[in-house]
Amino acid sequence: MVKIHDRKFVSADPDKCVGCQICEYICSYTKDKAFNPIKSRIRVVRINQLVNMPVTCRLCEDPPCVKACPRDSLTQSEETGTMSVDKDKCNGCGWCIEACDYGAIMLHPEKKVVYVCDLCKDQGEPQCIKWCPEEALDLVTSDVLAQKARLTAVKKLFHEAMKS
Amino acid sequence: MMFGYAGRVLHVDLSNGKTSVEPLNEDYAKKYIGGIGLGIRMWLDHSKPGVDPFSPDNPLLLIIGPISGTMWPTGGNGHAFVSKSPQSYGVGEAKAHGSFGTELKRAGYDVVILKGKAENPVYLWIDDDSVQLMDASQLWGKSPAETEDAIREELGDYYIRVAAIGVAGEKLSRIACIINDKTRAAGRTGLGAVMGSKNLKAIAVRGTRDITVAKPEEFMEYLKEFHERMKGPATQKYRTLGTPENVLVHNSLSCMPTRNYNNSRFEGAEKVSGENLNEKYVAKIIGCSSCAMRCEHMCVVAEGPYEKTMTRMEYETLWAFGPYCGVDRLDAIIKGMELSNYYGIDAISAGVIVGFAMDCYERGILTQAELDGLDAKFGNADAMVKLVEKIGKREGVGELLADGVKVAAEKIGKGSGKLAAHIKGVETTGYDLRALKTAALGFAVSFRGADHNRHGAYAFDVKGKVNRLIAEKGRGKLVRDMEDTYNLIDSFIVCKFSRGTYYKELDDLAKLYRLVTGFEMTPEELKRAGERIQNAARLFNVREGLGRKDDNLPWKVMNEPIPDEGPSKGAFVTQAELDLLLDDYYEARGWSREGVPTEAKLKELGMDDLLGLARKGAEA
């Protein structure tokens, strides 16, 4: 079994994101062979022009979407942490959608079952990360995220001191 | 099934609320591409000669292009409006980018034709196949951004895209624009007022269809290459300082109209430079849908009298509120821009109008009392901001100024027409045409009035490819070829900021067109399409009574030599020079000496359906 610290998910840097939606386009193209943001597993939120950030599955530990499903159609991979949907069991009731705090699991408009980021397991790497022109997306573990945050915080703290 | 094109045209009659859908004319699509080209051609079909711009019979067209909705860099996201302009009484067209156009494509329409006039304020709600007119009485008086938020709230969908007018459009200000995605304006030629004349506050769209292209694998390969090009030198300017970089460039060449064309360089240029703007005010650079470059420099004023101002800035609007009004305060300039977006006015025109009013004031043509007590001297930043607000609201002296400098000068009299910097009623932009004579020709013949975006001919002058201070034969051909390319850019629609990434211009565009639509398209045929669009636009203007006499330049450009020491001193354009340039251009175009497209030219371009207009134009 892979340790939780080794699980990687797509993380977005809001300082770098410009809200261009290329992640949405490439995601829907990869999964549905069409350009259509409502079929993307990653969605960009623009609160105002200064606040842009894409949101996708966080691969929660003890994921509420899996717990919420009354038909046991959702399972979390022990190896990668991604959720998989049993299309035969899912009836599109949407309880998982209600349970997810991030809006990362959605109902497919045509297939009528839910869909969620699987890190492009068939492509070898998440296509959104590959295509993002701003390098705002990254495949990271929670440990790496924490490391980055620590480094940034300390650098900021000693920014002036390091200059002199 | 069509690729690229949605294949459908939506008709909306605002008078009776009836809507209908018809198939897109495939022949038109191939001949006029989309965007402004298709819009201009279809406007001719749906209007009668001499129609008043504010008449219910003047159709307002909303058009996207075959690339819209795809992931193509910048190409996925543009839209155009076309109608008869209440400023020029000729071609009115304006484009904007953002996310609005993509949504319309996913809703399944290439063109929306709006006719009639609603009895009460309404907004149009396009939800895929469901099209409704909704009550907009609660939205009347709101800014475009507020309208966007309110509609999303009312309809309960955050991803709905909205294009709306502000108070200025409601009050039929002839410089009113149409704004989408909060800060993106279809700005020029007053189409916001046409929308207002129909009692149409906004167009809201939600589209859920898939967009597919004819040759997906080749398309994705090509796209990958363009993603690289978008990161390269061709777009560097837009990704870094942005267009405000022009301030110091134009100033050094002495070709930046300053204080309503009294000067061509500005002593405060350093203070309002792109460098300074980026250092002090740019908080974030954002992008439109599918851009791959991003250019939108969002500026924030954090302190001082204009605290909490946030807006996008570009060179043209910075120039208009800054050097053109003699204002050297960036915070005030940013405020002027924000107010323009709030009330929904073309910020270029607004700045030029304020500069005009200040010139009138300094020459005693307008008194302080007439200017509502404002000491509107050049350089008075506070007066500039207050005037923009008055113009936006159409209050006080704003009533006099809100329809642009041409109308204002006609009302004021006292020789103020000589101070009114416009061509065909549309205010000029940030290029001193006295010292940029290729640009002067481009501006004079631009079918939507004074404008740099119909030809980009300033590039020859600014980059030193020609002697910018002289008029000579050959410039007509230069302008012609640039116009044809710009017509294609605005019809595809791709963003002009990405134009440099099309290394092999027509070859690249033709390949893109083939991959997306699956239709055959050679570079030569595409070139003809660009030319065809120019001819259709010219016939539009000819039909509406515009001709050679209207291909002119502002009075100061032709009568007041540049006084400033430096490389442009003494420059201006004489009537003989303008005539030489026009003759050369008409000849290059294959038009008559009066600037009317000839039957031979129209036949050559496969425009036999418009021969009647050419004949009538030749007789007039």
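The values are calculated or read from the model by the stated rules, or taken from the named source; none is laboratory data. All of these numbers come straight from a predicted model, not from anything done at the bench. For neighbour counting, all protein chains shown are included, and Cβ atoms are generated from backbone atoms with ideal geometry for every residue, glycine included.
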Among the residues of the stretch B:255-268, is there at least one that is assigned to a helix (DSSP H, G or I) and crowded, with 22+ Cβ neighbours inside 10 Å?
-> no
Do we have any residue at all in the stretch B:68-90 that's over 30 Å from A:W131 (Cα atoms), out of contact with any strand residue (DSSP E or B) (no Cβ under 8 Å at 6 or more places or on another chain) and not acidic (D, E)?
-> yes
Those residues of the stretch A:31-46 which are more than 10 Å from every other protein chain (Cβ to nearest Cβ) and surrounded by fewer than 22 Cβ atoms within 10 Å (Cβ to Cβ) amount to A:K31
Right, B:E524: without any contact (Cβ under 8 Å) to a residue 60 or more places away in the chain and closer than 22 Å to B:K231 by Cα or not?
-> no
When the stretch B:457-472 is checked residue by residue, the ones that are out of contact with any Cys (no Cβ under 9 Å at 6 or more places or on another chain) and touching a residue at least 24 places away in the same chain (Cβ under 8 Å) are B:A457, B:V466, B:L469, B:I470, B:A471, B:E472
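Within the stretch B:293-308, track down each residue that is in contact (Cβ under 8 Å) with a residue 12 or more places away in the chain, touching a strand residue (DSSP E or B) at 6+ places or on another chain (Cβ under 9 Å) and not acidic (D, E).
B:R294, B:C295, B:H297, B:M298, B:C299, B:V300, B:V301
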Within the set of pairs 6 or more residues apart or between chains, which connect a residue that is small (G, A, S) inside the stretch B:386-407 to a residue that is assigned to a loop (DSSP other than H, G, I, E, B) with Cβ atoms less than 6 Å apart?
-> B:G396/B:D372; B:A402/B:S173; B:A402/B:R394; B:G404/B:Q87; B:G404/B:R174; B:G404/B:I175
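Sort out which residues of the stretch A:50-68 are touching a residue at least 24 places away in the same chain (Cβ under 8 Å), of a type outside the set (A, V, I, L, M, F, W, C) and surrounded by 19 or more Cβ atoms within 10 Å (Cβ to Cβ), and write them in order of number.
Let us first name the residues in the stretch A:50-68 that are touching a residue at least 24 places away in the same chain (Cβ under 8 Å), namely A:51-59, A:61, A:64-68.
Next cut, of a type outside the set (A, V, I, L, M, F, W, C) only: A:52, A:54, A:56, A:58, A:61, A:64, A:67.
Hits for the stretch A:50-68 are A:N52, A:P54, A:T56.
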Taking the stretch B:460-484, which residues are of a type in the set (A, V, I, L, M), in a helix (DSSP H, G or I) and at pLDDT 95 or above?
-> B:L478, B:V479, B:M482
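Count, please, the residues in the stretch B:69-102 that happen to be outside any strand (DSSP E or B) and under 17 Å from B:C495 (Cα atoms).
Total satisfying the criteria: 16.
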If we scan the stretch B:345-352, do we find a residue that is within 14 Å of chain A (Cβ to nearest Cβ), at pLDDT 95 or above and surrounded by 24 or more Cβ atoms within 10 Å (Cβ to Cβ)?
-> no
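Condition check ((1) of a type in the set (S, T, Y); (2) modelled with pLDDT of 95 or more; (3) farther than 19 Å from A:H108 by Cα) across all residues:
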| site | (1), (2), (3) |
| --- | --- |
| A:P14 | no, no, yes |
| A:S28 | yes, yes, no |
| A:R41 | no, yes, no |
| A:P63 | no, yes, yes |
Among (1) within 14 Å of chain A (Cβ to nearest Cβ); (2) in contact with a Cys (Cβ under 9 Å, 6 or more places away or on another chain), the one test that B:L277 misses = (1)
Number of the condition not met by A:E79 [criteria: (1) surrounded by fewer than 23 Cβ atoms within 10 Å (Cβ to Cβ); (2) part of a helix (DSSP H, G or I); (3) away from every other protein chain (no Cβ under 12 Å)] | (2)
Working only within the stretch A:12-30, note down all residues that are surrounded by 22 or more Cβ atoms within 10 Å (Cβ to Cβ) and either more than 8 Å from chain B (Cβ to nearest Cβ) or on the phi < 0 side of the Ramachandran plot (or both).
-> A:A12, A:C17, A:V18, A:C20, A:I22, A:C23, A:E24, A:Y25, A:I26, A:C27, A:S28, A:Y29
Selected residue (only one of B:K496, B:K473 is under 20 Å from B:M230 (Cα atoms) and surrounded by fewer than 21 Cβ atoms within 10 Å (Cβ to Cβ)) = B:K496
With respect to B:R174, determine if the residue is within 14 Å of another protein chain (Cβ to nearest Cβ), farther than 19 Å from B:G17 by Cα and at pLDDT 95 or above.
-> no
Evaluate the stretch B:114-127: report whether one residue or more is out of contact with any Leu (no Cβ under 9 Å at 6 or more places or on another chain) and without any contact (Cβ under 8 Å) to a residue 24 or more places away in the chain.
-> no
Single match in B:G196, B:G166, B:G187 (criterion: in the same structural domain as B:K84 (by TED's automatic domain parsing) and without any contact (Cβ under 8 Å) to a residue 40 or more places away in the chain) = B:G196
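Here is a yes/no grid of residues against (1) surrounded by fewer than 20 Cβ atoms within 10 Å (Cβ to Cβ); (2) of a type outside the set (S, T, Y); (3) assigned by TED's automatic domain parsing to the domain that holds B:S47:
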site	(1), (2), (3)
B:E524	yes, yes, no
B:A536	no, yes, no
B:L553	no, yes, no
B:G566	yes, yes, no
B:T574	yes, no, no
B:L578	no, yes, no
B:D583	yes, yes, no
B:R589	no, yes, no
B:V596	no, yes, no
Can you tell me which residues in the stretch B:560-583 are part of a helix (DSSP H, G or I) and out of contact with any Leu (no Cβ under 8 Å at 6 or more places or on another chain)?
-> B:Q575, B:A576, B:E577, B:D579, B:L580, B:D583
